[in-house]
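*Asks:* Quick one: the structure is below, questions incoming.
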Amino acid sequence: MTTDQIYGKLLPIVKTYLPEDVSEEEISPDKDLTGELNINSAHLVDVVLDVEDEFDVEFVNADMENLRTINDAITIVKQKLNAK
């Protein structure tokens, strides 16, 4: 699966959890999910659960610690898919 394909599947997941004060146009691969897109920690867990379901992968604690941006999510998903 390519980076663009993964990004295409991640984007609707992230959009679901954006707070009302953040526009969808502000989403970019390098924006910090909690710092710049204002996704709270509870919703970040929901994002991870949705990503796990979408890609049939499992995030471990180390993955959660490294998840700051959509690019981080793409990297983690690629690693998980390649390990299958």
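Bear in mind these aren't lab numbers, they're just calculated from the coordinates by the rules spelled out. Worth saying up front: this structure is predicted, and the values here are computed from it rather than measured. Positions of Cβ are backbone-derived with ideal geometry, glycine not excepted, and every protein chain shown enters the neighbour counts.
*Asks:* Expressed in nm to one decimal, what extension gain is obtained for the pair residue 81 and residue 20 from 0.36 nm per residue of sequence separation less their Cα-Cα distance?
*Replies:* Working: separation 61, 0.36 × 61 = 21.96 nm, distance 3.25 nm.
Roughly 18.7 nm would be gained on extension.
*Asks:* Ordered by packing density, taken as the mean number of other Cβ atoms within 10 Å over each peptide's residues, highest first, how do 35-44, 55-64 rank?
*Replies:* Values: 35-44: 14.6, 55-64: 13.1.
So the order, starting with the most tightly packed, is 35-44, 55-64.
*Asks:* Can you work out the PRE-style zone for residue 49? Point 7 Å along Cα to Cβ, and I want the residues of the range 1-41 with backbone N under 14 Å.
*Replies:* Those under the cut-off are 17, 41.
*Asks:* Using Cα pairs closer than 8 Å and at least 6 residues apart in sequence, work out the relative contact order for the range 16-84, in percent. Before the final figure, lay out each step's value.
*Replies:* Numbers: 50 pairs, mean separation 22.7, N = 69.
RCO, the range 16-84: 33 percent.
*Asks:* Whole-Hz Karplus ³J(HN,Hα) for the range 22-37, in order, using 6.51 cos²θ - 1.76 cosθ + 1.60 and θ = phi - 60°, x for Gly and Pro?
*Replies:* My calculation for the range 22-37 gives 10, 7, 4, 5, 7, 6, 8, x, 9, 6, 5, 4, 8, x, 9, 9 Hz in order.
*Asks:* Where does helix 3-16 land angle-wise versus the long Cα axis of the chain, in degrees 0 to 90, nearest 10?
*Replies:* With rounding to tens, the tilt is 40 degrees.
*Asks:* Using alpha carbons only, how many degrees (0 to 90, rounded to 10) separate the axis of helix 41-55 from the longest principal axis of the chain?
*Replies:* With rounding to tens, the tilt is 40 degrees.
*Asks:* From the P(r) of the chain, can you give the percent of Cα pairs sitting at distances over 18 Å? Intermediate results must be reported in sequence, preceding the final value.
*Replies:* Working: 1174 of 3486 pairs.
Percent of Cα pairs beyond 18 Å in the chain: 34.
*Asks:* For residue 32, what residues show an amide H to amide H distance below 5 Å, using hydrogens built from the backbone and excluding near sequence neighbours?
*Replies:* Excluding prolines and chain starts, which carry no amide H, the hits are 37.
*Asks:* Taking only the alpha carbons of the range 24-67, what extent do you get along each of the three principal axes, in Å, biggest first?
*Replies:* 28, 19, 18
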